[in-house]
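Enquirer: I'd like to ask you about the structure that follows.
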Amino acid sequence: MALAVDTGSGSGTGTGGPRRAPVKTRLRRWTGLLYISPWIAGLLIFTAYPFAYSFYLSFTDWKGIGAKNFVGVDNYTSMFTDDPLFMKSVWNTAYYTIISVPGGMILAFFLALLLNQRVRFMPIFRVAFYLPSVTIGVATAVLWIHILGPDGAFNDLLGLFGIRGPNWFASETWAMPGLILMSFWGIGQNMIIYLAALQSVPQDLYDAAEIDGANSVQRTRHVTFPMITPAIFLTLILGIINSFQTFTVALIVTNGGPNDATTFVLLHIYNNAFRYFQLGYASAMAWVLFLLMLVFTLIQFGLARRWVFYQGEVTR
């Protein structure tokens with residue numbers, strides 16, 4: 001009895017080539033591309049093109065008008081050899097990041113623990129603590145100018161304890177701490193992330209730890225903290241990236257002063273680009289800032305394998 005052999009299974013035509021997708025499938029693909037085409041166009045025009053063009057400008061001397069003079073790597077070398085303010089702005093940004101990011105994460109974590117309790121009117125409390133984080137940046141800056149002013153509310157509070165508060169934003173010593181205090185105004189975003197992570201921790205783990213005799217502190221340390229490490233990792237990455245891009249508060253509140261004590265890298269880039277019209281040099285600094293953020297992010301992803309735990313992950 002002879003067996004029938006299908007020699008045309010590759011394409012349906014006997015040629016062995018790839019089979020074309022059905023007409024309906026191709027139509028759905030083109031329809032999907034049509035729907036997302038505005039987003040693709042926006043990505044290419046407003047993100048990809050400026051990204052690539054700024055890289056080209058970083059090797060030129062350009063005032064914003066006129067010819068672009070190619071200068072090679074002079075912009076990159078001069079920022080380390082001829083521009084002491086650049087290194088100072090890097091230090092200011094690092095100082096701000098080292099204190100504001102961990103400090104904000106710690107405050108947001110303990111706030112999330114408090115807001116994770118089952119008490120009356122808890123949704124109102126959660127909304128109240130989250131709302132400040134969605135306040136417009138300029139409005140927040142103006143508000144804190146009054147709070148940390150010489151006769152502001154914060155100094156009045158210190159006066160109740162016999163402490164004479166400084167003129168925060170006019171002092172080279174206290175201007176940066178003042179901006180760091182301002183950064184804690186937005187901890188509501190991290191608080192929401194931690195709160196969602198806390199509510200996803202299985203209750204069975206708490207029950208098992210309690211049976212083993214663990215108190216509340218031990219349950220937090222050995223159960224809660226390991227289970228929400230993905231949320232902590234997320235807020236750490238976002239916090240570092242956002243702190244490296246601090247701009248609005250420094251521009252509105254201190255304008256980089258006094259004596260450049262609050263000049264961040266992004267503010268220094270802005271000044272060179274739109275005040276001194278050194279767009280080529282500003283582009284070079286922008287790329288250095290991008291590389292710094294990329295390096296720190298990659299380092300964090302490399303270290304994450306040692307302390308971030310994902311549920312369902314198999315450890316070999």
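Enquirer: I want to confirm something. Restricting to the range 224-252 and keeping residues that are touching a Leu at 6+ places or on another chain (Cβ under 7 Å) and farther than 28 Å from residue 210 by Cβ, which single residue is surrounded by the most Cβ atoms within 10 Å (Cβ to Cβ)?
Expert: 250
Enquirer: Among the residues of the range 36-55, count how many are without any contact (Cβ under 8 Å) to a residue 60 or more places away in the chain and either within 10 Å of residue 284 (Cα to Cα) or aromatic (Phe, Trp, Tyr) (or both). Working first, answer last.
Expert: Filtering the range 36-55 down to residues without any contact (Cβ under 8 Å) to a residue 60 or more places away in the chain leaves 36-53.
Narrowing the set further to residues that are either within 10 Å of residue 284 (Cα to Cα) or aromatic (Phe, Trp, Tyr) (or both) leaves 39, 46, 49, 51, 53.
Qualifying residue count, the range 36-55: 5.
Enquirer: Across the range 68-103, what is the total count of residues that are assigned to a helix (DSSP H, G or I) and over 30 Å from residue 203 (Cα atoms)?
Expert: Start the filter on the range 68-103 by keeping residues that are assigned to a helix (DSSP H, G or I), which leaves 74-81, 84-103.
From the residues that got through so far, the ones that are over 30 Å from residue 203 (Cα atoms) too are 74-81, 84-100.
Selection size over the range 68-103: 25.
Enquirer: Just one of 106, 65 is surrounded by fewer than 20 Cβ atoms within 10 Å (Cβ to Cβ), part of a loop (DSSP other than H, G, I, E, B) and free of Cβ contacts under 8 Å to residues at least 60 places away in the same chain; which is it? Show your work before the answer.
Expert: Working: 106 fails: part of a loop (DSSP other than H, G, I, E, B).
Only one candidate passes the filter, namely 65.
Enquirer: Kindly evaluate residue 164 against the criterion of being exposed (fewer than 15 other Cβ atoms within 10 Å of the Cβ) and either in a helix (DSSP H, G or I) or small (Gly, Ala, Ser) (or both).
Expert: On the way: exposed (fewer than 15 other Cβ atoms within 10 Å of the Cβ): yes; either in a helix (DSSP H, G or I) or small (Gly, Ala, Ser) (or both): no.
Answer is no for this residue.
Enquirer: Given the options 257, 302, name the one that is surrounded by fewer than 16 Cβ atoms within 10 Å (Cβ to Cβ) and over 30 Å from residue 147 (Cα atoms).
Expert: On the way: 257 fails: over 30 Å from residue 147 (Cα atoms).
The conditions single out 302.
Enquirer: Would you check if residue 270 is surrounded by fewer than 21 Cβ atoms within 10 Å (Cβ to Cβ), under 26 Å from residue 189 (Cβ atoms) and at pLDDT 95 or above?
Expert: Values: surrounded by fewer than 21 Cβ atoms within 10 Å (Cβ to Cβ): yes; under 26 Å from residue 189 (Cβ atoms): yes; at pLDDT 95 or above: yes.
In short, yes.
Enquirer: Would you be able to say whether some residue in the range 259-266 is more than 30 Å from residue 68 (Cα to Cα), free of Cβ contacts under 8 Å to residues at least 24 places away in the same chain and touching an Asp or Glu at 6+ places or on another chain (Cβ under 9 Å)?
Expert: So far as the range 259-266 goes, no, none of its residues is more than 30 Å from residue 68 (Cα to Cα), free of Cβ contacts under 8 Å to residues at least 24 places away in the same chain and touching an Asp or Glu at 6+ places or on another chain (Cβ under 9 Å).
Enquirer: For the range 114-126, does any single residue satisfy the condition of being among the charged types (D, E, K, R), surrounded by 12 or more Cβ atoms within 10 Å (Cβ to Cβ) and outside any loop (DSSP other than H, G, I, E, B)?
Expert: yes
The values are calculated or read from the model by the stated rules, or taken from the named source; none is laboratory data. None of the values given here were measured: they were computed from a predicted structure. Cβ coordinates were reconstructed from backbone atoms using ideal geometry, including for glycine residues, and neighbour counts include every protein chain displayed.
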